[in-house]
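The values are calculated or read from the model by the stated rules, or taken from the named source; none is laboratory data. None of the values given here were measured: they were computed from a predicted structure. Because the Cβ atoms are built from the backbone with ideal geometry, glycine has one as well, and the counts that use them run over all protein chains shown. Each accessible area value is taken on the protein alone, full model and side chains, heavy atoms only, with ligands, DNA and RNA left out. Shrake-Rupley method; radii C 1.70, N 1.55, O 1.52, S 1.80 Å.
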Amino acid sequence: MSNSEQDRVIVRPVDEYNQRLVAYVHPPNWENPQPADCYDLVVIGAGTAGLVVAAGAAGLGLGLKVALIEKHLMGGDCLNVGCVPSKTIIRSARVVGEIRNAKNLGVNIPNQVNIDFPAVMARMRRVRAGISHHDSAERFTSLGVDVFLGSGKFASSDTVEVAGKTLKFKKAVIATGARAAKPTIRGIEQAGYLTNETVFSLIQRPEKLAVIGGGPIGCELAQAFRRLGSEVVLIHSGSHVLNKEDGEAAQIVEKALMRDGIRLILNAKVEEVVTVTEGKRLYFSASGCRDSVTVDEILVGVGRSPNVEGLNLAAVGVEYDQRRGVIVNDYLQTTNPKIYAAGDICMDWKFTHAADAAARIVIKNTLFSPFGLGRSKLSSLVMPWVTYTDPEIAHVGMYEHQAKELGIDVETIKIPFSSVDRAIADAQEEGFLKIHHKKGSDKILGATIVAAHAGEMISEVTTAIVNNIGLSKLSSVIHPYPTQAEAIKKAADTYRRTLLTANTKKLLGFLTKFS
């Protein structure tokens, strides 16, 4: 069945950029190929995890037969409704932040900044369309992958059905991802709301925006829309935003949001949404009091729900949960030993780079681990992540409380950016680097960075943890001066100074007499 005979995929607004996007990632006249007799791998879902598995297996030059199935847009959340569009508009919003801070740098700019919101969103669509060829059906076909557009489901223990065709497999991979969770708020469905899956279709700026949820998505987009000219109220159930992050780091971001003019309502629960003449009225309780706020649009960011529906998982013995997704072991193997999973469908880490890393584990474990020998484990990964607010928060490894829960004695070195020359020159002193190391050892257990470019700095610490490089060796790494990443060297030098005990000093003094 050709894609022209199926439901066409439409991405709004239907402009030249979105038409180019669809032409790459769900071509309207796509003809599904004739299936091979048997595939080494059949991958359901063409988000990051599925794309990496398919491209990685097919690109080895071993003649492996690989099929890739996608019912909506290839590229998944990351390309279409996640990383790419969000970071593109965040870039525009950061320009506004720089302009507003310009006076502190001796640059006087007129108070009125003209923000062309439709142009910001058009640029986002142009950027997204411009890189979408990397995830295109045509490109993956050129890599030797059989691309099938349509809904795939398991028909038996070794077959998948898609668009009227049956694909026989030796191994299969579920990579169907997750979607924005639906809020359980009375009246919100009738009033209408946005999620990360629909907010990037806006062409006009909402004058008043309510954001429900103070996690990474909520904070990033609340700050971006505020800087782009919307009045923003952020309603969050916790006592502070970004509950899962280091408390001090979260507090710095919280202050930045308020400084930008975002109204924060904490310890709050939205109870009802009602459509009124002025817009959408949210009734909420906060700290024992009931109140309301009226806005033009509501953006909900309260979690993700795994895409387990329609796969016929029970028929092939794959255990799953509506909240947790597909159940896998540490090798990313489901309860059906021939079927694996990777990405948001089965993992707590719901990041593009986590899906990429998991996909590489799946390639090895499905194709290059005969009799289960030499398999890689998900638990062996050292996973960094970044929240792209301004300033950013980046983290890798353990938090201090996690180390203590495991019975590990931990010490923490904290370097404020107010002591880093480049940060001072950049007028970006707010923030810090924390490195947690094992007490009595230079072994790095984890780190948190809150800074303008935290995401660009965290990889050095991640590299150190992965390769078991301790603080002593990091101290010997020459960092260009002046850079904000010098904070890492400062932390390493701080550790080295702790080695200067009274006895060590006596020894060094003795050596100087003979040098």
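Descriptive notes on the structure:
- Fraction of accessible area attributable to carbon and sulfur, the chain (%, probe 1.4 Å): 51 percent
- CD proxy at 222 nm, helix term only [per DSSP H run n ≥ 4: -39500 (n - 2.57); per residue of the chain; nearest 500]: -9500 deg cm²/dmol
- Rounded to the nearest 10 Å², the accessible area of Trp30 at probe 1.4 Å: 40 Å²
- Low-density loop positions, trypsin sites (Lys or Arg not before Pro), segment 414-452 - DSSP coil, at most 13 other Cβ in 10 Å: Lys439
- Cα centroid separation - segment 468-497 against segment 44-106, whole Å: 32 Å
- If both residues of a DSSP beta bridge must be in the chain, then about 65% of such bridges are antiparallel.
- Heavy atoms of Asp421: accessible area, 1.4 Å probe, square angstrom to 10: 70 Å²
- The amide H of Val147, built 1.01 Å from its N in the peptide plane, has Leu68 as neighbours under 5 Å, considering only residues 5 or more places off or on other chains.
- Of the whole protein surface, Lys280 contributes about 30 Å² of accessible area at a 1.4 Å probe radius.
- Here the Karplus relation 6.51 cos²θ - 1.76 cosθ + 1.60, evaluated at θ = phi - 60°, turns the backbone of segment 320-325 into coupling constants of 8, 9, 4, 9, 7, x Hz, with x for every Gly and Pro.
- For segment 265-388: relative contact order, % (alpha-carbon pairs under 8 angstrom, 6 or more apart): 13 percent
- Most positive-pole-ward Cα, Thr294, Ala137, Ala175, against dipole of the chain from beta carbon charges: Ala175
- Two tests apply to each whole DSSP H helix in the chain, Cα reach of 24 Å or more along its axis and mean Kyte-Doolittle hydropathy of at least 0.0, and the ones passing both are 83-100.
- Per-residue HN-Hα couplings for segment 174-188 [Karplus 6.51, -1.76, 1.60; θ = phi - 60°; Hz; x = Gly/Pro]: 9, 9, 8, x, 9, 10, 4, 5, 7, x, 9, 10, 4, x, 6
- Furthest towards positive pole of dipole, Ser369, Ser419, His395, structure part segment 343-444, Cβ charges: Ser369
- Ranked from largest to smallest solvent-accessible area, with a 1.4 Å probe on the protein heavy atoms, Leu221, Leu202 come out as Leu202, Leu221.
- Segment 249-321: GluC sites (Glu not before Pro) in DSSP loop, at most 15 other beta carbons within 10 Å: Glu278, Glu309, Glu319
- Rounded to the nearest 20 debye, the dipole size of segment 328-396 about its Cα centre is 460 debye, using +1 on the Cβ of Lys and Arg and -1 on the Cβ of Asp and Glu.
- Under a 5 Å amide H cut-off, with hydrogens placed 1.01 Å from N, Leu234 pairs with Val211, Arg263, Leu264, Ile265 among residues at least 5 apart or on other chains.
- For the chain, the per residue solvent-accessible surface stands at 47 Å², with DNA, RNA and ligands left out and a 1.4 Å probe.
- Largest-first ordering by accessible area, 1.4 Å probe, given options Arg125, Arg304, Arg290: Arg290, Arg304, Arg125
- Semi-axes of the equivalent ellipsoid for segment 390-515, Cα gyration tensor, largest first, Å: 26, 20, 12
- Residues Ile265, Ile469, ordered by accessible area of protein heavy atoms at a 1.4 angstrom probe radius and largest first, appear as Ile469, Ile265.
- Summing Cβ point charges (Lys, Arg +1; Asp, Glu -1) relative to the Cα centre of the chain gives a dipole of roughly 1160 debye.
- Placing unit charges on the Cβ atoms only, positive for Lys and Arg and negative for Asp and Glu, gives segment 94-190 a dipole magnitude near 200 debye about its Cα centre.
- Amide H contacts of Ile115: none lie under 5 Å away among residues 5 or more positions distant or on a separate chain (H built 1.01 Å from N in the peptide plane; Pro and chain starts excluded).
- Using θ = phi - 60° and Karplus 6.51 cos²θ - 1.76 cosθ + 1.60, couplings along segment 387-395 (whole Hz; Gly, Pro as x): 9, 8, 7, 10, x, 7, 10, 10, 9
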